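Single-structure report; data block below.
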Amino acid sequence: MGASAGKPLLAVLRGERRDPPPIWLMRQAGRYLPEYRELRAKRGGFLDMAYDPETAAEVTLQPLRRFPFDGAILFSDILIVPHAIGQELTFVAGEGPRLSPPLADATLDGLALVLQRLEPIWATVRRVKAELSPETTFLGFAGSPWTVATYMVAGQGSREQAEARSFAYRDPGEFDAIIRRIEAVTLDYLSGQIEAGVDAVQLFDSWAGSLAPTEFERWVIAPTARLVGALRARHPDTPIIGFPKGAGGKLRAYAAETKVDAIGLDETVDPTWAARDLPSGLPVQGNLDPLALIAGGEALEGAAKHVLDAFADRPHIFNLGHGIQQTTPIAHVEQLVRLVKG
């Protein structure tokens with residue numbers, strides 16, 4: 001069974017069915033944990049924490065001390081890549097991240113690569129790897145090119161991603177140059193995470209759902225497929241999870257054309273449909289509504305059972321359909337782990 005024998009989550013990513021299914025939660029290292037809030041109060045802002053390997057490693061490990069999760073997810077941010085490409089990155093309290101200059105107002109040629117900004121993240125991976133239990137799968141991650149590009153163009157997050165979508169229609173050649181720069185840096189970034197010790201990586205495409213079908217093919221599927229192919233050429237044994245949030249009915253094409261090893265499903269996807277219509281044997285990850293976890297009790301029990309039953313005959317990693325929310329009670333996470341692990 002190889003290296004994945006003692007790591008249930010890694011075994012599922014390689015196509016095995018495990019009962020009970022392994023579990024981890026997106027954003028499990030974060031604000032719902034009192035120990036995280038306490039550490040953040042001491043160590044400063046989010047970016048200060050992400051760039052300090054000692055602090056970032058501690059945050060990565062915190063949820064594993066509370067819950068028997070099968071995966072640890074690196075504590076970092078998808079905007080490390082545009083920061084390495086040369087934009088300045090700040091986090092504004094209550095408003096979120098800001099990148100400057102936004103590429104709606106500036107050119108890619110005006111940015112100078114600062115690849116040493118990736119080094120602290122790799123140092124965090126090495127620290128975590130040294131402390132992680134042998135049965136826990138260590139997950140690295142990056143943003144997918146389209147989602148990262150939306151932040152680079154607008155200089156911040158936006159609900160409609162109108163700036164990036166308009167840019168791509170108006171000047172597809174320049175937008176393609178931005179996408180390919182992101183691909184190149186992301187390839188080195190993820191490769192460095194793998195060399196430092198992660199077992200698998202996830203590509204977060206948080207804004208994939210905002211694109212029309214032809215644009216989805218061009219700016220989500222094609223760049224992801226190139227990145228997956230290039231990463232697999234360097235690291236053929238490292239599984240890659242794709243998470244195109246909001247893709248809906250376009251998930252089948254995404255799965256078939258990107259060749260990801262597993263696919264993450266957001267909470268709007270019907271798990272019964274996904275189990276029936278996605279490629280046979282493809283591992284899936286998800287897809288409990290984060291608000292069902294906040295609700296707890298019978299609502300959580302029913303929602304979790306629906307997901308578990310739908311994927312009973314397929315390689316499945318239990319997860320949320322998006323990140324765990326700050327107001328989630330610890331007791332409800334404990335309830336969920338009991339429901340999944342029996």
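The values are calculated or read from the model by the stated rules, or taken from the named source; none is laboratory data. This structure is a prediction, so every number in the text was calculated from the model and none was measured. Neighbour counts run over all protein chains shown; Cβ positions are idealised from the backbone, glycine included. These area figures cover heavy atoms from the full protein model, side chains too; ligands, DNA and RNA do not enter into them. Shrake-Rupley method; radii C 1.70, N 1.55, O 1.52, S 1.80 Å.
The residues of region 309-342 that are within 20 Å of residue 245 (Cα to Cα) and part of a helix (DSSP H, G or I) amount to a single one, 310. The set of residues in region 239-253 that are over 15 Å from the mean Cα position of the chain (by Cα) and open to solvent by 10 Å² or more (accessible area, probe 1.4 Å) comprises 248, 249, 250, 252, 253.
Looking at 230, 196, just one residue is open to solvent by 30 Å² or more (accessible area, probe 1.4 Å), of a type in the set (A, V, I, L, M) and within 30 Å of residue 134 (Cα to Cα), and that residue is 230. For region 157-171, a residue qualifies if it is modelled with pLDDT of 95 or more and not in a helix (DSSP H, G or I), and the qualifying residues are 161, 171. Of all residues in region 87-101, those that are under 17 Å from residue 44 (Cβ atoms) and in contact (Cβ under 8 Å) with a residue 24 or more places away in the chain have Cβ atoms under 6 Å from Cβ atoms of residues that are aromatic (Phe, Trp, Tyr) and part of a strand (DSSP E or B), 6 or more apart or on another chain, in 97/91. Screening region 1-43 for residues that are among the acidic types (Asp, Glu) and open to solvent by 80 Å² or more (accessible area, probe 1.4 Å) and picking the one that is nearest to residue 324 (Cα to Cα) gives 38.
On the given criteria, is residue 239 touching a residue at least 40 places away in the same chain (Cβ under 8 Å) and over 18 Å from residue 83 (Cβ atoms)? Yes. Residues of region 183-205 that are within 15 Å of residue 80 (Cβ to Cβ) and either modelled with pLDDT under 95 or touching a strand residue (DSSP E or B) at 6+ places or on another chain (Cβ under 8 Å) (or both): 186, 189, 190, 193, 198, 201, 202, 203, 204.
Taking region 305-317 as the range and being open to solvent by less than 10 Å² (accessible area, probe 1.4 Å), farther than 14 Å from residue 269 by Cα and either out of contact with any Asp or Glu (no Cβ under 9 Å at 6 or more places or on another chain) or of a type in the set (Asp, Glu) (or both) as the test, only 316 passes. When 63, 97, 68 are checked against the criterion of being out of contact with any Pro (no Cβ under 7 Å at 6 or more places or on another chain) and open to solvent by 50 Å² or more (accessible area, probe 1.4 Å), a single residue qualifies: 68. Of the residues making up region 261-282, those that are farther than 17 Å from residue 322 by Cβ and open to solvent by 10 Å² or more (accessible area, probe 1.4 Å) are 261, 272, 273, 275, 276, 277, 279, 280, 281, 282.
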